[in-house]
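These notes are about the structure you will find just below.
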Amino acid sequence: MKHSRKIGLLVLVLFTTSFAFAQTEALKVVVNNLAFYKQKNDLKFLANAKKSADSLIVTRSDSSDIEKNVYRLIVNSSILYTDSLNKLNQPEGFLDQTAALFDKMSAKQKAYKYQAELDYSKRCLTNTYIRKGFLFTRNGDFAKAAASFQQAKKYAPDYKPINSYIAFASNKQGNLQDAAKYYNNLIKTDSTKIEYLEAATAVYKSMGDTAKALQVIKKGRKLLPADKQLLQDEANIYNNKKDYKSLEPLLGELIDNNSNNAEVTFVAANCYDHLNQYDKAESLYLRTIELNGSAYEPVFNLGLLYFKKSTFKSNNNDKNITSAILWLEKANEMAPGDKKCLELLQLAYTKTGNQNQLNRVNNKLEQLTN
């Protein structure tokens, strides 16, 4: 399943906020370095800003000073967002340490005074955790990817694409219940995307919950009635369950969408065959063979169809049994070891009284048995 990696809603424009304490004298060096970074786009100014911000935290009192620590938070989160290649050589736990600092500062009573600054840092943290999750995904470490996306969701709970990232990583780990849960969050609204519906359907089918898969598909088809893939998914479920009554209403549109698809044409033919609509089945079996002459099943099924018709009371019994033998012999050429086909030929030649051909078929069956 494919996921967009554009985080459009979270794109940040660094240092455009007029921070509440930007004029504080004690933080002027930090402020100046942030301004220089914005002007010159040189990471050394972020490094200088961090050095200055860290130097402000000396005593226990400094450690609890919300103003100084929020500015440290701005600097650290800016580095995390900007320095994706870690050219400033921050330690391994720098992201988690910064997240912990954010949690601590946002829990303080006076946090409301610094809402713009905290929101800025929160967006930086979200983007960084998502970027890290994508890196783990590319490296095939889906457990760490899921954990990183979970952290991103903590800071941006309303950003719905994160649910798809978690669902994807969970699915890759085989955590189907978790994947289903997050896909469900994505498909609840009428503005859901087709890829989410398809992914949720695939997860439920992997879990063996075809009822839930059908529920998702039907919701999707109401929202997107012209979507061909959802129609195909619904038809496949009915076909696999041999629920031909439910499949029949879909066949007209299915065939129109796949007029040159041998597999879809065969599914339709087989459905009509099981519903005793033999004329439609016959026509579609012939069309399937026309589209794919090497496929065994439509040839065998067509022979079987004619054999069944030969048992009905009609004026065409001779024609039907002749057609049955013709197609069953063709099927036997394609799969000489198929016992079911030989047994049908045995019945057909018994019906016509053709002893020579019956003896030949009996000998083949005997060889297969021995």
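The values are calculated or read from the model by the stated rules, or taken from the named source; none is laboratory data. Quick caveat: nothing in here was measured; it's all calculated off a predicted structure. Here the Cβ positions follow ideal geometry from the backbone for every residue, glycine too, while neighbour counts run over all protein chains shown. The area values use the complete protein model at the heavy-atom level, side chains included, leaving out ligands, DNA and RNA. Shrake-Rupley method; radii C 1.70, N 1.55, O 1.52, S 1.80 Å.
Treating the angle as unsigned and between 0 and 90°, give the value, to the nearest 10°, between the Cα long axis of helix 296-310 and the longest Cα principal axis of the chain. For 296-310 against the chain, the angle is about 40 degrees.
Here the Karplus curve 6.51 cos²θ - 1.76 cosθ + 1.60, taken at θ = phi - 60°, turns the phi angles of the range 237-246 into couplings of 5, 4, 5, 5, 7, 6, 8, 6, 4, 6 Hz, with x standing for Gly and Pro.
Gain on full extension, evaluated as 0.36 nm per residue between residue 135 and residue 245 minus their Cα-Cα distance, stands at 34.9 nm.
Solvent-accessible area assigned to carbon and sulfur over the range 154-280 amounts to 45 percent, based on a 1.4 Å probe.
Provide the packing ranking of 43-56, 114-127, i.e. peptides ordered by the mean count of other C-beta atoms within 10 Å per residue, highest first. Kindly include the intermediate steps, with their values, before the conclusion.
Numbers: 43-56: 18.0, 114-127: 20.6.
Order by mean packing, descending: 114-127, 43-56.
Per residue and in Å³, how big is the convex hull formed by the alpha-carbon atoms of the range 199-267?
On the way: hull volume 5.9 nm³, N = 69.
Here the figure is 86 Å³ per residue.
Eigenvalues of the alpha-carbon gyration tensor of the chain, scaled by 5 and square-rooted, set the equivalent ellipsoid semi-axes at 71, 19, 15 angstrom, largest first. The modelled label-to-label distance for the pair residue 96/residue 173, using points 7 Å beyond Cα in the direction of Cβ, is 1.5 nm. Working ranking of peptides 266-273, 180-187 by packing, defined as the average number of other Cβ atoms within 10 Å per residue, highest first, is 266-273, 180-187. Classified by the C-alpha gyration tensor, the range 270-315 has a prolate form. Its axis ratio a/c, with a ≥ b ≥ c, is 1.5 or above, and a/b is larger than b/c. Spin-label model, residue 322 to residue 154: label points 7 Å out along the Cα-to-beta-carbon direction sit 8.0 nm apart.
At q = 0.19 Å⁻¹, what is the base-10 log of I(q)/I(0) for the range 227-304 according to the Debye formula with one equal point scatterer per Cα and no solvent? Please give it to two decimals. For the requested q values the scattering log ratios are -0.73. Would you mind telling me which residue in 347, 286, 34 has the biggest mean-square fluctuation in a Gaussian network model of the chain, where springs connect alpha carbons within a distance under 10 angstrom? Fluctuation is largest for 347.
Work out the P(r) tail for the range 87-205: percent of alpha carbon pairs separated by more than 16 Å, whole number. Could the numbers behind the result be given before it?
On the way: 4492 of 7021 pairs.
Result: 64 percent of Cα pairs exceed 16 Å.
For the range 302-370, chymotrypsin sites (Phe, Trp or Tyr not before Pro) are listed when DSSP marks them as loop and at most 10 other Cβ atoms sit within 10 Å of their Cβ; the list is 312.
Tabulate in residue order the Karplus-calculated ³J(HN,Hα) for the range 103-116, using 6.51 cos²θ - 1.76 cosθ + 1.60 with θ = phi - 60°, rounded to whole Hz; enter x for Gly and Pro. Each residue of the range 103-116 in turn: 4, 5, 6, 6, 8, 6, 4, 8, 4, 4, 5, 10, 4, 4 Hz. Estimated from the Cβ-Cβ distance and a Förster radius of 22 angstrom, the FRET efficiency linking residue 143 and residue 89 is about 0.25.
Residue 288: net charge of surrounding residues, Cβ under 12 Å, Lys/Arg +1, Asp/Glu -1, itself excluded? Present the calculation step by step, with values, prior to reporting the outcome.
Numbers: positive: 287; negative: 263, 273, 282, 290, 297.
Around residue 288, the surrounding residues sum to -4.
Modelled label positions at residue 228 and residue 368, each set 7 Å beyond Cα in the direction of Cβ, lie 3.8 nm from each other. Working note: Cα gyration tensor of the range 231-370, eigenvalues times five, square-rooted, sorted largest first, giving semi-axes of 30, 17, 13 Å.
Binning the C-alpha pair distances of the range 178-293 at 5 Å intervals from 0 yields a P(r) profile of 2, 12, 21, 19, 17, 12, 10, 4, 2, 0 %, listed from the shortest bin outward. Hey, with R₀ at 30 Å, roughly what FRET efficiency would residue 340 and residue 283 work out to, going by the Cβ-Cβ distance, to 0.05? With R0 = 30 Å, the Cβ-Cβ based efficiency is 0.80.
For the pairs 132/205; 154/181; 154/228, note any where the Cα-Cα span goes beyond 25 Å.
On the way: 132/205 30 Å; 154/181 16 Å; 154/228 36 Å.
Pairs exceeding the cut-off: 132/205; 154/228.
How far is helix 161-173 tilted off the main Cα axis of the chain, in degrees rounded to 10, range 0 to 90? The two axes meet at around 60 degrees. Helix 278-291 axis versus longest C-alpha principal axis of the chain: approximately 70°, rounded to the nearest ten.
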